[in-house]
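The structure appears below as structure tokens.
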Amino acid sequence: MKRILLSMLLTSLLAACATTGVKEDHKAAVTEAKSVAETSATGTPSAMMNPLTDPHNILSKRSIYYAFDKYDIKPEYRPIVVAHAKYLVAHAGADVTLQGNTDERGSREYNLALGQRRADGVKKMMVVLGVPAKQIETISFGEEKPKLTCHNASCWKENRRTDIVYKGER
Amino acid sequence: MGHFNSWRRRAGLLAAGCWLLTAVFLLARPVPAKAALNIEIIGSGETQTPIAVVPFAGESALPQQVGRIVAADLQRSGLFKLVRTDGVSPLPHQLDEVKFPDWVARGAEALVIGTISPQADGRLNIQFRLLDPVRQTQLAGFSYTAAPAQLRYVAHRIADVIYQKLTGAPGVFSTRIAYVLKVGRRYALQVADADGYNARTVLASREPIISPAWSPDGARLAYVSFEHDRPVVYVQTLATGQRRALAAFKGNNSAPAWSPDGKQLAVVLTLSGHSQIYILNADGSGLRRLTHSQSIDTEPDWSPDGQTILFTSDRGGSPQIYRIPVAGGEAARLTFDGHYNVTPRYSPDGKSFTFIHRMDGQFHTAIQEIASGQLQILTQTPLDESPSFAPNGKMVLYATDVNGRGVLAAVSSDGRVNYRLTVQHGDVREPAWGPYLNNQ
């Protein structure tokens with residue numbers, strides 16, 4: 001019970017740091033955090049589905065998206081990072097690779113570095129949340145492995161992201 | 001008349017090098033003998049010298065038409081307008097066959113004639129003269145001996161001589177370019193002649209290749225390969241195909257840049273936890289850190305005098321171009337226009353640099369003069385990348401996007417001359433203009 005309260009407090013603290021659209025995120029985050037916390041508190045996986053791939057579980061959300069040339073994690077994506085951080089804390093044997101990506105604009109070398117900063121930013125937040133650094137690897141693909149290849153804003157925004165990939169996946 | 005003894009040795013070395021390269025890369029995808037990159041001329045210079053290039057005697061029987069290659073080179077430079085030679089009969093090939101008034105009447109201010117004759121040993125003797133039909137004088141004349149396989153190279157050397165005599169600047173027609181070709185999921189680092197012919201694959205890979213960088217003597221290429229789990233900098237000797245991992249440190253290794261004496265390189269490593277610039281010897285020894293920020297510092301480029309390095313940094317909150325002494329110390333910011341200036345490359349005289357400048361959401365190739373800070377935007381295409389100067393400083397080669405396809409393009413330093421190099425299949429990117437082959 002204490003753990004549930006603590007995670008709710010942590011989540012609401014983090015949500016309070018954000019400036020816009022906080023209320024809905026907060027509620028959803030609390031609900032999601034609660035369901036995750038309950039799972040790990042009971043010690044048995046929730047019925048049938050792996051939480052990492054259960055579409056009803058925030059852990060199935062694996063991507064953080066960014067504004068152009070930015071690597072700061074927007075408030076709406078923080079609950080995803082928090083959820084995965086909790087999972088990693090609860091599962092010492094789980095390892096993730098954070099893959100940083102950018103859209104195609106600008107230079108490839110600068111984008112390689114920007115993708116690295118995006119991945120490193122997510123790692124930093126996870127470490128602050130208690131995840132041992134050795135469970136997290138960060139790499140950058142820069143603009144080299146875009147998810148979508150059209151040359152306009154609708155594709156570009158999909159490519160500006162960090163993906164959370166668990167060892168053994170993909 | 002001609003420096004063809006040293007030229008012959010160079011031709012022999014080139015032929016041997018080409019043979020070796022072919023032998024080593026038999027397994028690589030074969031590249032067709034015709035142009036790998038097709039040229040499309042978009043714009044020409046403000047003033048163009050009218051020049052007539054008469055087909056060389058004996059060339060029609062040969063696989064390469066020297067006169068046509070010379071004419072195409074001169075036209076592509078944007079500084080020459082070709083005067084038609086048909087209708088003059090008989091076409092002159094020797095000096096005493098030339099009727100100068102015929103050519104003045106056609107508006108020609110320069111005339112090129114030549115001959116190609118086979119020798120007993122199977123090689124060819126190529127001679128040309130550059131004439132001034134108005135003053136009725138000869139401006140240049142050279143003789144070359146070459147194997148048939150070297151005909152294109154000889155034609156480019158002839159075009160270089162003509163260009164230098166008539167414009168004062170050295171020609172770059174006999175130089176080479178490197179670039180990366182992506183077809184489907186395959187990447188190929190290629191080297192081709194400056195006119196897009198004779199492409200050879202230097203590295204074929206299923207993973208990305210970026211940032212090719214020519215050694216100052218043109219013998220080696222440094223590049224970044226993603227073939228392992230993280231980007232690694234390799235240095236490869238072109239004549240033999242042998243390569244060594246120059247920088248394979250933990251984290252990312254990228255953005256290689258050669259010192260002008262070819263003995264050192266700058267690279268970008270993430271050893272410190274941030275992308276930072278380091279310098280090391282070409283043999284991999286002597287690593288030292290150059291930049292000390294907690295930001296992104298990348299894309300180093302050495303000045304021609306070896307004293308300073310330009311680089312891209314977001315230490316001020318947005319990517320801008322800075323300059324730092326090679327010995328280390330304070331970095332000075334050079335770009336103040338707009339919020340995104342990246343990929344600086346010094347001009348050969350060290351007085352300006354080309355770079356990518358974002359304006360109104362579009363990424364254009366630009367040049368900035370260092371002393372005055374004056375900026376000139378050279379292109380109107382919105383997705384430019386990877387600019388580099390030709391070794392004579394007259395043109396900038398860059399990558400851009402046309403109708404959704406990756407192409408290369410070259411633009412003159414005043415923005416007027418412009419041509420594109422396109423491929424039939426796939427996308428081409430990451431161009432780098434190579435040095436003079438004989439260190440003019």
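Residues whose amide H lies under 5 Å from that of B:LEU238, counting only those 5 or more places away or on a different chain, are B:ARG220, B:LEU221; hydrogens are built 1.01 Å from N in the peptide plane. The GluC sites (Glu not before Pro) of the stretch B:315-391 that DSSP puts in a loop, and whose beta carbon has at most 16 other beta carbons within 10 Å, are B:GLU330.
List the aspartates and glutamates whose Cα sits under 14 Å from the Cα of B:LYS81, skipping any in the same chain fewer than 8 residues away. Counting by Cα, and skipping residues close in sequence, B:LYS81 has these aspartates and glutamates nearby: B:GLU46, B:ASP73, B:GLU109. Each helix, a run of at least 4 DSSP H residues, gives -39500 (n - 2.57); summed and divided by the residues of chain B, these come to -4000 deg cm²/dmol at 222 nm. Note that the stretch A:116-127 has calculated 3J(HN,Hα) couplings of 5, 5, 5, 5, 5, x, 5, 4, 4, 5, 5, 5 Hz, one per residue in order, obtained from phi through the Karplus relation 6.51 cos²θ - 1.76 cosθ + 1.60 (θ = phi - 60°); glycine and proline are x. By the count of neighbouring beta-carbon atoms within 10 Å, fewest first, B:SER347, B:SER89 end up ordered B:SER89, B:SER347.
With contacts taken as Cα pairs under 8 Å at a separation of at least 6 residues, the stretch B:67-152 carries a relative contact order of 20 percent.
Note that the stretch B:99-105 has calculated 3J(HN,Hα) couplings of 9, 4, x, 3, 7, 5, 4 Hz, one per residue in order, obtained from phi through the Karplus relation 6.51 cos²θ - 1.76 cosθ + 1.60 (θ = phi - 60°); glycine and proline are x.
With a simple spin-label model that places each label point 7 Å from the Cα along the Cα-to-Cβ direction, the separation between B:ASP305 and B:ALA248 comes to 3.9 nm. Under 1.5 on a/c is rounded, so check that first for the stretch B:33-150, then, if it is not, pick prolate when a/b is larger than b/c and oblate when it is not; a ≥ b ≥ c are the square roots of the alpha carbon gyration tensor eigenvalues. Cα axes put the stretch B:33-150 in the oblate bin. Sites listed here are trypsin sites (Lys or Arg not before Pro) in the stretch B:345-440 whose DSSP assignment is loop and whose Cβ has at most 15 other Cβ atoms within 10 Å: B:LYS351, B:ARG416. Inverting the pair-averaged 1/r between distinct Cα atoms of the protein assembly as shown gives 26.7 Å as its Kirkwood hydrodynamic radius. Annotation: extensible slack from B:ASP337 through B:ARG135 equals 67.8 nm (criterion: 0.36 nm per residue apart, minus Cα-Cα distance). Once the C-beta distance of A:ALA153 and B:ASP349 is scaled by a Förster radius of 41 Å, the resulting FRET efficiency is 0.55 to the nearest 0.05.
Annotation: amide H of B:THR379 within the under-5 Å range of B:THR365, sequence separation 5 or more or interchain, hydrogens built in the peptide plane. Taking the longest Cα principal axis of chain B as reference, the axis of helix B:66-76 is set at about 50 degrees. The length gained on full extension between B:SER272 and B:GLN119, counted as 0.36 nm times the residue separation minus their Cα-Cα distance, comes to 48.8 nm.
Structure note, pairs A:LYS123/A:LYS147; A:LYS70/B:LYS250; A:LYS61/A:LYS134; B:LYS182/B:LYS351: Cα-Cα distances above 29 angstrom occur for B:LYS182/B:LYS351.
Under the combined filter of DSSP loop state and at most 12 neighbouring Cβ atoms within 10 Å, the stretch A:140-170 retains these GluC sites (Glu not before Pro): A:GLU169. Peptides B:284-291, A:92-99 ranked from most to least packed by the mean count of surrounding Cβ atoms within 10 Å: A:92-99, B:284-291.
Thinking of chain B as a set of Cα atoms, what percent of all their pairs are more than 39 Å apart? Every Cα pair in chain B considered, those over 39 Å come to 23 percent.
Averaged over the residues of A:139-147, the number of partner chain Cβ atoms lying within 10 Å of the residue Cβ comes to 4. Please state the shape class of the stretch B:298-343: rounded when a/c is under 1.5, otherwise prolate if a/b exceeds b/c and oblate if not, all from the C-alpha gyration tensor. Cα axes put the stretch B:298-343 in the prolate bin.
Computed extension length for B:ALA149-B:ALA204: 17.3 nm, one decimal, from 0.36 nm per residue of separation with the Cα-Cα distance subtracted. Rounded to the nearest 10 degrees, the inclination of helix B:4-24 to the longest alpha-carbon principal axis of chain B is 60 degrees. Give the shape of the stretch B:103-166 as rounded, prolate or oblate, defined through the alpha-carbon gyration tensor: a ≥ b ≥ c are the square roots of its eigenvalues, a/c under 1.5 means rounded, and otherwise the shape is prolate if a/b is larger than b/c and oblate if not. Prolate, since a/c reaches 1.5 and a/b exceeds b/c. Inter-chain Cβ neighbour count for B:248-257, averaged per residue, equals 3 (cutoff 10 Å, partner chain atoms only). Only alpha carbons enter this Debye calculation for the stretch B:301-439, each as an equal point scatterer, and the log10 of I(q)/I(0) it gives at q = 0.14, 0.16 Å⁻¹ is -0.63, -0.81.
Throughout, read-outs are computed from the coordinates displayed, never taken from laboratory work. Just so we're clear, the structure is a prediction, and the values are computed from it rather than from any experiment. Neighbour counts are summed over all protein chains in view; Cβ atoms, including those assigned to glycine, are modelled from backbone coordinates with ideal geometry.
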